[in-house]
Structures are given as C-alpha cells and as structure tokens.
1. Report, in whole Å, the centroid distance computed from the Cα atoms of the stretch 416-439 and the stretch 180-210.
2. Please compute the modelled spin-label separation between Arg42 and Thr432, points set 7 Å along Cα→Cβ, answer in nm with one decimal.
3. Please give the residues of the stretch 97-118, grouped as numeric ranges, whose backbone N is less than 20 Å from a label point set 7 Å along the Cα-to-Cβ vector of Leu65.
4. Under 19 Å from a label point 7 Å along Cα→Cβ of Arg241: give me every residue in the stretch 181-205 with its amide N that close.
5. For Arg48, Arg577, Arg430, write out the residues from largest to smallest accessible area, computed with a 1.4 angstrom probe and no ligands counted.
6. Give me the percent of the accessible area of the stretch 210-345 that comes from carbon and sulfur atoms, probe 1.4 Å, all protein chains in place.
7. What figure in square angstrom, to the nearest 10, would you give for the accessible area of Lys482 with a 1.4 Å probe?
8. Output the relative contact order of the stretch 210-345, whole-number percent, from Cα pairs under 8 angstrom with separation of 6+ residues.
Amino acid sequence: MKRRRGEPPEPGCLRAWAAENQALADRWRAARCSGRGGAVAREVRQQRDGFQQLLLRMQGLPAALPALPLELTILYNFLLCTVGASESAIQGEAEGIRQGLLRVLEVCGACGQDLSTEELWQKVLQEVTAEELQAPLHRLAALQAAWWIAARRLGSTSSLFQFLSHAENMGRANCSNRKNELLSLLKAWQLPAEGTSLPLVQSTKDLKDILCTAAAFLQGLQELEAGNFPTALSLLQEATRGFCSKRVLAQIYTCLGCCAQRMGKPQIALQHLKWALQVDFQCLPALSHAAAVYHELGETDAELQALALLYEALETNPPTAASSSPYFLIKTELLVHTPILASLLCHRHRSEVKYLLAQRCLQGGRVDDAVEHYLDLLDLLQEGLQQQAPLGGGSALPRIPEVFLEAASALEQMGRHEDAITMCEEVISRTTDLIPGMLRVEKRLEQPQCPSPGAWLSQKESLCCLAWRAAGYLHQGWAWAKLGESKEAVTQFSRCISNTLRVQLCGSGVEPTENLLPEVEVLQEIRLLALIGRGVQFMELGRHKEALLDFQHVLQISPGNSAAASYLVQALWKLNRKQEVAAHWQKFSQRPSGEDGQQEGQGRSCPLYLVCLKEATFLHSKSFARSMQDYLGSAGQD
C-alpha cells in the first residue's frame, strides 16, 4: 500500500535503518582506532557507499517527521565520509545538504525549490520548531559552514550562524568589524545535546572546533594578502590555539613567520619558523623561509646552514602529498586552500636549493664552495631534474644559460680559466642559431608595437639569447686575458662587441640610458665591459691609440664610468699627451670615492654573472698614481 506524505515508515524499517547506521559508524570507529592508513582509507570508502545506499532507500520514500532525524543523521555521516574518501580540498556545492533541507520543508508542507541555499536555510530555521530536528539541523549547518568556508564565503557563513544562534544583534554588538564576527558567532554557537541513539562518524563538537580554527586561519591569510599584518598576526595566533593536526599547526606557524618578516620583525619571524620545525620537522617551507630571513639579516653562515639542511632533507626525503592523520574526516587542511597559502608553503626543488647555495657562496666570495655547488647543479640539470622545477619566473632557479655563465664566473675567480672558457663555449654554441642577424627593439620600457603578444615574447627571448651569447664571449675574453693571451682576448672582446651591435634601438627623443628595456640595459653593460676589456688588452699589446678609442667610446656612452676614465688617463700617459693627462687626472681624482658611474645605473639589477667582471675592470695602479702626483708636483699644480 502506497504511503501518504508525512506518514511514518513502519517501525521495523526505522529500527533496521538505525541499526545499519549504528553498524556502519561502529566499523568506521574501529578502523580509525587501528591507525593503519591504507585500511582506514578503504574503510572510509566502504562506509561512504554503505551510507549512500541507506540514504537512497530512505529518500525513496516520502519525507516523514519521525524518520527525519535518522535520515538527516545518515546524510551527515554520508557527506562526511564522502569528504574523507576524497582526501582533497572541499569544492563546489553540497547538493546533498540542499536536498535534505527540501525534505524538511516537505514535512512542513512548504516549498523552497526556487530559493538560494542561503534563503533556504533561513526559511528552514524560521519555520521548523520541532525539538527532535534541532540537533540534526545544527549538524547539517556545521557541514554547510565547512563548504562555505572552503569556498571563502565568510559572509554567508556568518549569516547562517546568526540564524542558528538567534543572536544576530549579539553578534554585531560584540564585534568591532565584520572580519571577527564569524569567529565570535562560532564560539557563541550553542550545540544542542546529542543523544547516543544516532551515532556519528565525527562529532559536531569536533567539527565546530575545526571550523573555528579554519575560520581564523583563512581570515589571517586574507589579511596577510591584503597587507594588514597586525590583524593577520592576531588571527593566525588565534588559529594556533585551535584544533588541528601537527602538520597544519606547523603551516600556521610558518605563515606567522612570513607575516612577522613582512612586518620587519625578522627575529620574531625566526622564532615562529623554529616553532614550525619543532612541531613538524618535515615542514620544509619553514626551513626555506628561515634561510630567506637569515639572508635578509646578512647572516650568511646561518643562511647557508639552513639551505644545506633543506637540500639534505629534500635529497633523503622528497616532499610528498601524503595527508596528515586520517582520524577526522573533515580537517582544517581540507577547508583552507588559497593561492597565498600555496605560495607560502611551496616546496623548493633540489635544483633550486642547490642554486641558492651556489649563488650565495659566489656573492659572499666563497669561490671554492660556489664552484662545487655550481658543478653539482649542472649535474642535476643534465640528469633532467630541471623538469620538476620551474625555470625562471617565480622559481629561484634562473634560465639555464645564466647558470652556466655564473658557473664560468666562479671558475674564473677560482683561477680555472680554461674550464671557464669551455663553460662559456657551451652557452655560445647553444644560442648561435637562436639569434637573428639584426634585432629592432623599442628604447622605452613599454611593450613595442608587435603584430602579436607572441612576437613580443619572441623578441624578448631573442634579446636574452643575444645577451647570453655576448656574455659568453665577454667571459672568454677576460679568461684569455688572465692566461696572458692578449691577442685571443682581443678577438673574444671584439666578438662580444659585435654581438651587442646587432640590436637596433627604435624611437626618437630618448636619451641613451633612459627607460631602456632590462635586456637592452644588460646588453649595454656587456658592451661597456667588453670595450674596457679590449682597451686594456690593446694597452698590453702596446696599441695605445686603439685602447684610447675604446675608453673614449665607453665615456661617451657612460660619462661617469670610473674604470674607463682611469684607463683613459693611463692611455694618454703612454701616448705622452701629458697636458691632457693632467686635466683628466684632476677631474678623475676629484670624483667622490665609489661613484663609479653608478648614477646612470641606479635602480638597475646587474646579473650576477657580470658583477665580478664589473669589479675586475677597475684595477687602479698605485705606481701610476705616484707617477701622476710627481708629474703634477713638478709642473707646479695642486
């Protein structure tokens, strides 16, 4: 006989369904207590399927008030197991919750098909007064809050708990701003008493505590992203006092460390990062951020130690996506997944860490260590591991030719000039076929008028290849010079200069050093260094007039270049043009110490593979300075 709406199912059916719910929940609790990850995961999937079959049988019948508490409880258990079985971040809408609310309204003789989910909750909570439905509805509301927090719909979540607590005015009175309102409402939320007749796979109290932690964590991240660091610090500290796994707690401490670092409090940042590692020694992003803080403080030894520990950890135990304790089906990590969190917790790849070690050693003058790290890095890259780490962009690892050039720079400083030449030859040979005969680019920083974005990117790539190839010749020139092969050095410097001249700047009314594209600035810097290098080698060969022309050319492009000015004076002296020497020497010697022509280059970022060459170009001769002072003194000049 067909049942009418509102008519309860047979008592025997209800008892059987309740017993089945009990059995499924008991099996889950037993599996959870076993602690075996694979067994627990399989059990969750089995219980999900069991709850789903049970729910389908109940929802195949018209809704009835006596059966609704059990039906909503089974729905709650099913949704929890669905989340737990996926072990991934909650996304989308919980359609099962909406279906459950419509079943509740069906018993009340109301309809809500055309209502939004927020409106549907409001209608249900206003119209349903049956005492036996309060606890099941509060459980469903907790699940709804989990879905909305995961979707970062904090306003909708606040409104839901205002209706649940009947405390809209209280919530607004106790909150100075909207951001803290959700936390206040969650803490003030009074859970109805839960009986033991309807067992749950996760208690509502535990879920409430997880919601409080997730809300504080999420809002802290939002404030951190917005730059409101004091508020972010307060919310993240609130999250550390919440209910979460050790892995999540370590992540929160890591975010606290990043927040303190951005506030300009590096020591506090280090303290939070150390706490993160104490809570979970596998929280490698904390170690990576600690290295960055040490770098900011200029504590090179501590930075290198942190990077070495990070590399060792990645080498012995690569980061995995393994989840934390599976004892809770809905966990904080499933609710909080934002781009800024992914960025802060991004794992460095082994090749990135090895590059940072090499780079820091080179910058700090630890040449032997730098060479060792660069050679190890090149081995990693040749093994194909670079495919696992992004190159350029947001990665610590630059483009591969730059790694080769930096390695060549380290080899030169170590005195391994032949190896440096070989390293540069690799760059030159790999870029030769990638460079057009002549490249026309705009002088200004704005994107030039190209037929398509692809053409613009292609032009930038050609500029990069041209700069790398020119830098390769530049390093070879200096390496040959250190080997005493001045003629070969002149040849390489000339090839470098020839490559830099393959760029034709377009546009009018622009000064030579004004608003240049970064790649063009690098090419110009390479050209200046090559001209100085070739001029020095011309002087070694006794070709002083040619040397003078190169130094004059540099000063036309960069009038404040101290290295070129010094060498120009020496070239004039060799040519016995002593009157000009006196004028240039006085002008040069009156220049403030350290000016070095940097007024033209303020704000520019010189590639690391050029830094050592810039330092090597200005070799002030004390004997020449004494000769100049003697000459000026004999001439009666000050």
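1. What the calculation gives is 66 Å, centre to centre.
2. 6.1 nm
3. Correct set: 100-112.
4. 181-190
5. Most to least solvent-accessible, the answer reads Arg430, Arg577, Arg48.
6. 54 percent
7. Near enough 120 Å² of accessible area.
8. 24 percent
The values are calculated or read from the model by the stated rules, or taken from the named source; none is laboratory data. All values derive from a computational prediction rather than experimental measurement. We place every Cβ from the backbone using ideal geometry, glycine too, and count neighbours over all the protein chains shown. Remember, those area values only see protein heavy atoms, side chains included, never the ligands or the DNA or RNA. Shrake-Rupley method; radii C 1.70, N 1.55, O 1.52, S 1.80 Å.
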